[in-house]
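The values are calculated or read from the model by the stated rules, or taken from the named source; none is laboratory data. This structure is a prediction, so every number in the text was calculated from the model and none was measured. Cβ atoms come from the backbone with ideal geometry, glycine included; neighbour counts cover every protein chain shown. Surface accessibility is based on the protein's heavy atoms, side chains included, excluding ligands, DNA and RNA. Shrake-Rupley method; radii C 1.70, N 1.55, O 1.52, S 1.80 Å.
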Amino acid sequence: MAADLEELKGMIEAALPGARAEVIDETGTGDHLRAEVSAPQFEGKSRLDQHRLVKAAVRERFEDGTIHALTIKILD
Amino acid sequence: MADQELTDRVRELIAENDVLLFMKGTPSAPRCGFSMRTVQVLDQMGVEYGAIDVLPALQPLREVTSEISDWETFPQLYVNGELIGGCDIVEEMFENGELAEVLGVEQPARAEPAQAEAPASDEPYKSPPMQIEGS
């Protein structure tokens, strides 16, 4: 099942109020995605924690197998 | 709850190997594009590293790394006992020179993002692939 990019964008922005997220399908297969995210919650956090926040927002879609891989790019 | 014996084994491996990569497949035969890209970065750094193929025990290892490092996806690179990150973070740190700093090596002259070219050579990689069997 291909991921719903808009839904994922919404999940990230809902979990991190004030965030701006773009989710793109890197391979055209719908399961290897790239998220570019900026969020006020990232401030002062380590890169690992920034990634953890984004992953936590879409955890459900990892667990149900919709997403195989999510490359995360944190935007300042 | 992660298996205690496996958790202890993983902690040992992280402590014993200055540079340790948990990956899908082996450095000479990666089974995932992200693992392959991470191997390509490490090979360009010219460091010796240990590699663990997570595929034989994927789910138990996910539970273990989730508990140890709050990180569930592979590849995972550890340097001096600390989680560095997955492919995206490793590539980003490679490009901006932070990875060379963490590894204590010179930044390679041609710092190009690793692309899906030839499979990684097994040259700088010295330790035999380690396997953890599912319990």
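Descriptive notes on the structure:
- Among the residues of segment B:76-89, those that are part of a loop (DSSP other than H, G, I, E, B) and surrounded by fewer than 19 Cβ atoms within 10 Å (Cβ to Cβ) comprise B:N80, B:G81.
- Looking only at segment A:1-38, residues that are among the β-branched types (V, I, T), open to solvent by 70 Å² or more (accessible area, probe 1.4 Å) and under 11 Å from the mean Cα position of the chain (by Cα) come to 1 in all.
- Meets criteria (under 13 Å from the mean Cα position of the chain (by Cα) and not polar (S, T, N, Q)) for B:V41: yes
- Scanning segment A:39-76 for residues that are within 10 Å of the chain's Cα centre (by Cα), more than 9 Å from chain B (Cβ to nearest Cβ) and not in a helix (DSSP H, G or I) yields one hit, A:V58.
- Among the residues making up segment B:41-79, none is of a type in the set (K, R) and in contact (Cβ under 8 Å) with a residue 60 or more places away in the chain.
- The condition (being among the hydrophobic types (A, V, I, L, M, F, W, C) and more than 14 Å from chain B (Cβ to nearest Cβ)) is satisfied by just one residue among A:A35, A:A14: A:A14.
- Segment B:52-75, subset more than 15 Å from B:R9 (Cβ to Cβ) and open to solvent by less than 10 Å² (accessible area, probe 1.4 Å), residue nearest to the chain's Cα centre (by Cα): B:P75
- Filter pass, A:I67 being at pLDDT below 95, open to solvent by less than 70 Å² (accessible area, probe 1.4 Å) and either polar (S, T, N, Q) or closer than 21 Å to B:E92 by Cβ (or both): yes
- Pairs linking a residue in segment B:27-40 that is within 13 Å of another protein chain (Cβ to nearest Cβ) to a residue that is crowded, with 18+ Cβ neighbours inside 10 Å and part of a helix (DSSP H, G or I), with Cβ atoms under 6 Å and 6 or more positions apart or on different chains, are B:F34/B:C87; B:R37/B:C87; B:T38/B:C87; B:T38/B:V90.
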